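Everything below concerns the one structure shown next.
The values are calculated or read from the model by the stated rules, or taken from the named source; none is laboratory data. From a predicted model like this one, the values you see are computed outputs, not experimental measurements. Backbone-built Cβ (ideal geometry, glycine too); neighbour counts: all protein chains shown.
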Amino acid sequence: MTLDRSSPPAPAPIRTFRFPSVERRALDSGATLYSAQRGDLPLVTVRAVIDAGAASERAGEEGLAWLTASALEGGTAKRSGEALAWELERLGAELETFVTWDALNVELTTRADRLPDALTLLAEIVREPAFPAHEVERLRNEQLAEILRRSTEPRGLADDAAVRCIYAEHATYARPIIGDEARVQSFDNDAAAAFHRRRFTPGNTAIVVAGAVTVEVALSEVERAFGDWRGERRPAPVPTTDARVERTTVFLVDRPSAVQSELRLGHVGVPRHHPDYYALLVLNTIVAGAFTSRLNMTLREKHGFTYGVRSQFAFRRAAGPFIIQTAVASDVTARAVQETLRELNAMRDNGPTAAEVRTARDYLAGTLPLEMQTTEHITARIAELHTFQLDADYFEHWRERIGAVERDVVERVAREHLHLDRLSIVVVGNAADIEGDLDALAVGDVIRHGNSA
Amino acid sequence: MSKRVAEQPVSIAFERYRLDNGLRVVLSRDPNAPVVGVNLWYNVGSRNERPGRTGFAHLFEHMMFQGSEHVPEMAHFALIEQAGGSLNGSTWLDRTNYYETLPAHYLELGLWLESDRLGWLLPAMTQEKLDNQRDVVKNERRWRVDNQPYGDWDERLQAMMYPPDHPYHHSVIGSMEDLDAASLEDIEQFFRTYYAPNNAVLSLVGDFDPAQARDLIGRYFDDIPKGAPIPPIPGRTEIPLDMAGEVRDTIEQDISLARVYQAYRIPAYGTDEYYAALVTSYILGNGKAALLYRTLVRDRQLAQDVIAYAFPIVVGASMLVVWATARPSANVADLDTALTEQIEALAAVDDVDVERAVAMLEARHLTDLQTVDERADQLSMYTTIFDDPDRINTELERVRGVTTADVRAFAAKCLRRDNRAVLRYVPNGARS
């Protein structure tokens with residue numbers, strides 16, 4: 001039998017996918033437990049999701065959530081930092097901490113039979129960190145060095161400049177979470193301990209257990225480790241999100257050694273709970289959220305300007321940024337900006353095609369299970385449920401909701417949510433080579449942006 | 001709580017066979033999620049490039065996504081994204097891999113795409129596509145290497161560690177000049193030489209019926225002809241395990257933090273001593289109880305971060321590389337000296353260090369096996385390098401077999417000052 005290769009084979013019947021069922025329980029302490037059983041490998045991930053993200057810092061504390069998170073490795077009331085590291089790593093587990101605007105996360109992955117040990121250590125770290133002065137000082141100095149490193153690293157430099165140029169100076173999101181040098185310099189162990197006392201309460205905390213563990217075991221183990229913890233819920237303040245520019249402006253960060261220009265184009269987006277959330281995911285996929293997106297096809301596959309381009313609406317409790325990012329050869333910097341704006345204008349004016357919307361929906365719905373294969377992935381998704389107070393069965397309906405997004409809705413949200421008249425365009429590159437071309441583009445004023453780390 | 005985690009082996013079941021044209025196939029069914037990983041390893045990498053064509057294996061990889069006789073330009077990406085799948089490829093010193101992770105009911109699509117570019121790539125190749133992808137790859141080089149602090153560290157270390165006629169002397173990304181020189185004739189020649197079923201491994205992992213998968217693989221791959229025998233790797237592949245002298249260099253860059261790299265010549269991947277090197281790399285630089293973190297980051301505060309990595313490469317000899325980024329207040333020479341002292345302290349390494357490293361490697365192995373794409377990649381790798389997919393199940397035994405005495409002996413033999421290259425990066429104007 002000769003095989004007909006001339007067209008792609010049709011798919012077989014679709015198989016059902018179920019997001020692992022998530023149990024949510026309110027604990028007596030005020031903390032929340034989330035548990036999802038996934039049994040194929042003997043692994044478990046545990047995470048404390050604490051409402052102690054960067055948005056919960058007070059004026060003068062910018063960068064303190066970051067320091068507090070990293071200083072958790074400094075040890076607990078029961079053991080030194082080094083002893084803690086030994087305990088964890090003999091289990092094959094590594095302590096991971098990461099701070100977003102909305103949460104401070106503390107996570108461990110280990111073998112499922114070691115869940116009791118893992119939760120004992122997690123509870124110690126979260127409830128009784130010691131913050132010894134010498135360890136906090138060391139980690140503060142590492143944070144300062146990292147701020148310095150980013151100031152000469154083009155991608156970090158562009159990311160940091162982008163948020164400074166998108167948001168007004170007083171806005172919460174107008175800075176990187178890591179903070180700036182002057183502020184971080186002022187932090188000590190007392191500051192970290194005070195932030196911990198204020199923000200690390202059971203009412204502010206969810207414990208996620210995902211892996212080869214039943215709900216009953218997860219519940220009893222979390223109760224054992226966290227049950228006698230006391231403290232109220234203390235909501236974080238609502239971030240402010242005013243924009244910096246009223247009309248499109250080019251911010252040029254001079255990096256004389258650059259052989260490529262890092263580009264960021266963006267504006268203030270929308271909060272996670274916006275009713276257009278799903279349509280914006282579809283829109284973003286078509287703009288630059290997938291390989292076959294319009295911008296990647298144009299800038300990479302047609303013109304060869306870049307290795308790749310990506311866009312994202314950063315969904316947070318308040319309006320995070322919409323940002324397009326790419327890096328292009330210096331000599332095509334202005335042309336790349338021009339092509340990007342041309343594609344964005346076309347999308348805003350005419351919307352996507354029906355085929356593009358179909359592809360984007362199928363892509364988003366299809367890749368969801370691919371991104372749910374590990375206990376860490378599932379934990380991250382559950383943390384999202386908690387942070388945004390979504391239903392426990394939220395992800396079971398996610399694909400239907402994406403599938404219901406119609407072309408005319410995407411057309412409307414493109415018109416309403418792409419603010420092309422007030423973009424902040426950040427260019428980190430060799431100004432001597434590119435400033436003239438950027439001026440000549442005449443898309444907006446070209447302003448030199450200092451590296452204000 | 002401090003005792004060693006008990007062994008709890010995980011076994012990945014698979015079946016393997018070979019088509020008449022030489023294609024090796026590994027099938028591993030996992031019905032836990034409705035997804036399938038399709039993974040191909042071609043036993044060709046930058047080591048196979050001829051002089052004047054560095055970077056070509058990688059440029060060729062890009063061309064494999066540009067369509068084939070029955071797959072229109074850009075359709076490869078579009079069809080997989082429409083199916084709700086993800087895809088990519090990567091080129092390294094020893095191999096080139098291509099993979100897609102798909103909803104299980106699209107398995108046949110993956111096989112159609114992969115077989116078409118293995119069997120019918122050349123009719124779709126054009127000068128315009130080559131010129132476009134050449135520009136893309138040059139921008140990839142700028143992004144990864146030329147515009148990135150410390151971005152050329154591996155290129156520089158490879159040149160310092162391997163003689164000019166060794167296949168690892170040059171980097172995977174290659175030089176701008178050589179990328180410029182690549183022609184359509186090169187594409188045709190490279191394809192005919194290396195892209196043959198007898199030089200490839202296909203692995204499927206996920207939710208499929210193995211009998212049906214065999215049938216589909218036969219339909220799509222059986223009529224691709226076997227290629228000529230693969231020519232030997234060019235250049236001088238044998239090198240002594242003793243460098244007999246230290247090589248040093250210091251580079252000034254537009255950076256704010258100095259960094260030191262030390263690369264030691266070690267036995268190739270797959271040898272018993274390689275596993276001692278792997279465990280040693282974890283003792284040194286993986287985790288917050290790692291030797292270099294304890295001493296250089298936590299205690300002496302000379303370093304901002306430390307990393308150690310044993311390259312899993314097979315031709316002649318491999319490298320164990322350690323690097324540390326200096327604190328602004330630290331002197332780069334002091335950091336370099338301190339790194340050397342700690343590596344020499346491995347002569348007295350304790351059992352607890354070895355046990356911790358093995359526990360970390362065990363955990364890493366288990367977490368890696370969670371995804372169908374990683375499992376498929378490992379099955380392809382073990383089949384390509386060792387003709388033994390079961391190493392996915394036995395590799396950990398080699399790690400667990402490493403003793404404290406093995407680590408000490410390995411360190412004494414390989415981690416010597418006269419068996420290494422040292423590369424320092426310092427801020428502009430700071431080279432004394």
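From the residues in region B:87-139 that are under 20 Å from B:MET63 (Cβ atoms), within 7 Å of chain A (Cβ to nearest Cβ) and not β-branched (Val, Ile, Thr), which one is surrounded by the most Cβ atoms within 10 Å (Cβ to Cβ)?
Only one residue tops the list, namely B:ASN139.
Given the criterion under 24 Å from A:GLU376 (Cα atoms) and either at pLDDT 95 or above or in contact with an Asp or Glu (Cβ under 7 Å, 6 or more places away or on another chain) (or both), identify the matching residue among B:ARG375, B:ARG417.
Working: B:ARG417 fails: under 24 Å from A:GLU376 (Cα atoms).
Unique residue meeting the criteria: B:ARG375.
Among the residues of region A:182-193, what is the count of those that are surrounded by fewer than 16 Cβ atoms within 10 Å (Cβ to Cβ) and either touching a helix residue (DSSP H, G or I) at 6+ places or on another chain (Cβ under 8 Å) or small (Gly, Ala, Ser) (or both)?
Counting residues in region A:182-193 that are surrounded by fewer than 16 Cβ atoms within 10 Å (Cβ to Cβ) and either touching a helix residue (DSSP H, G or I) at 6+ places or on another chain (Cβ under 8 Å) or small (Gly, Ala, Ser) (or both) gives 4.
At pLDDT 95 or above, within 30 Å of B:GLN148 (Cβ to Cβ) and out of contact with any Phe, Trp or Tyr (no Cβ under 6 Å at 6 or more places or on another chain) - does that describe any residue in region A:268-279?
yes
Would a scan of region B:289-299 turn up a residue that is in the same structural domain as B:ASP353 (by TED's automatic domain parsing) and surrounded by fewer than 17 Cβ atoms within 10 Å (Cβ to Cβ)?
Checked region B:289-299: at least one residue is in the same structural domain as B:ASP353 (by TED's automatic domain parsing) and surrounded by fewer than 17 Cβ atoms within 10 Å (Cβ to Cβ).
Inspect all residues belonging to region A:252-271 and state whether any of them is assigned to a loop (DSSP other than H, G, I, E, B), buried (at least 23 other Cβ atoms within 10 Å of the Cβ) and among the aliphatic types (A, V, I, L, M).
yes
Within region B:339-381, count every residue that is more than 13 Å from chain A (Cβ to nearest Cβ) and either of a type in the set (Ser, Thr, Tyr) or over 24 Å from the mean Cα position of the chain (by Cα) (or both).
Restricting attention to region B:339-381, the residues satisfying the condition of being more than 13 Å from chain A (Cβ to nearest Cβ) are B:339-349, B:377-381.
Within this subset, residues satisfying the condition of being either of a type in the set (Ser, Thr, Tyr) or over 24 Å from the mean Cα position of the chain (by Cα) (or both) are B:339-349, B:380.
Final tally of qualifying residues: 12.
How about region A:197-218: which of its residues are surrounded by 18 or more Cβ atoms within 10 Å (Cβ to Cβ) and not in a loop (DSSP other than H, G, I, E, B)?
Matches in region A:197-218: A:ARG199, A:PRO202, A:ASN204, A:THR205, A:ALA206, A:ILE207, A:VAL208, A:VAL209, A:ALA210, A:GLY211, A:ALA218.
With the structure loaded, tell me whether A:ALA158 is crowded, with 19+ Cβ neighbours inside 10 Å and within 14 Å of another protein chain (Cβ to nearest Cβ) or whether it fails that test.
Yes, satisfied.
Let me confirm something: among B:ALA159, B:ALA211, which residue is surrounded by fewer than 18 Cβ atoms within 10 Å (Cβ to Cβ), of a type in the set (Gly, Ala, Ser) and not in a loop (DSSP other than H, G, I, E, B)?
Unique residue meeting the criteria: B:ALA211.
Of all residues in region A:421-453, which are within 12 Å of A:ARG247 (Cα to Cα), within 25 Å of the chain's Cα centre (by Cα) and either among the hydrophobic types (A, V, I, L, M, F, W, C) or assigned to a strand (DSSP E or B) (or both)?
The answer is A:LEU423, A:SER424, A:ILE425.
Rundown of residues vs (1) of a type in the set (A, V, I, L, M); (2) without any contact (Cβ under 8 Å) to a residue 12 or more places away in the chain, yes/no style:
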{"residue": "B:VAL372", "(1), (2)": "yes, no"}
{"residue": "B:ARG375", "(1), (2)": "no, no"}
{"residue": "B:MET381", "(1), (2)": "yes, no"}
{"residue": "B:GLU397", "(1), (2)": "no, yes"}
{"residue": "B:LEU415", "(1), (2)": "yes, no"}
{"residue": "B:ASN419", "(1), (2)": "no, no"}
{"residue": "B:VAL426", "(1), (2)": "yes, no"}
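What are the residue pairs meeting all of these: first residue in region B:30-46, first residue in contact (Cβ under 8 Å) with a residue 60 or more places away in the chain and of a type in the set (D, E, K, R), second residue part of a loop (DSSP other than H, G, I, E, B) and crowded, with 18+ Cβ neighbours inside 10 Å, Cβ atoms under 7 Å, and 6 or more apart or on different chains?
B:ASP30/B:ASP207
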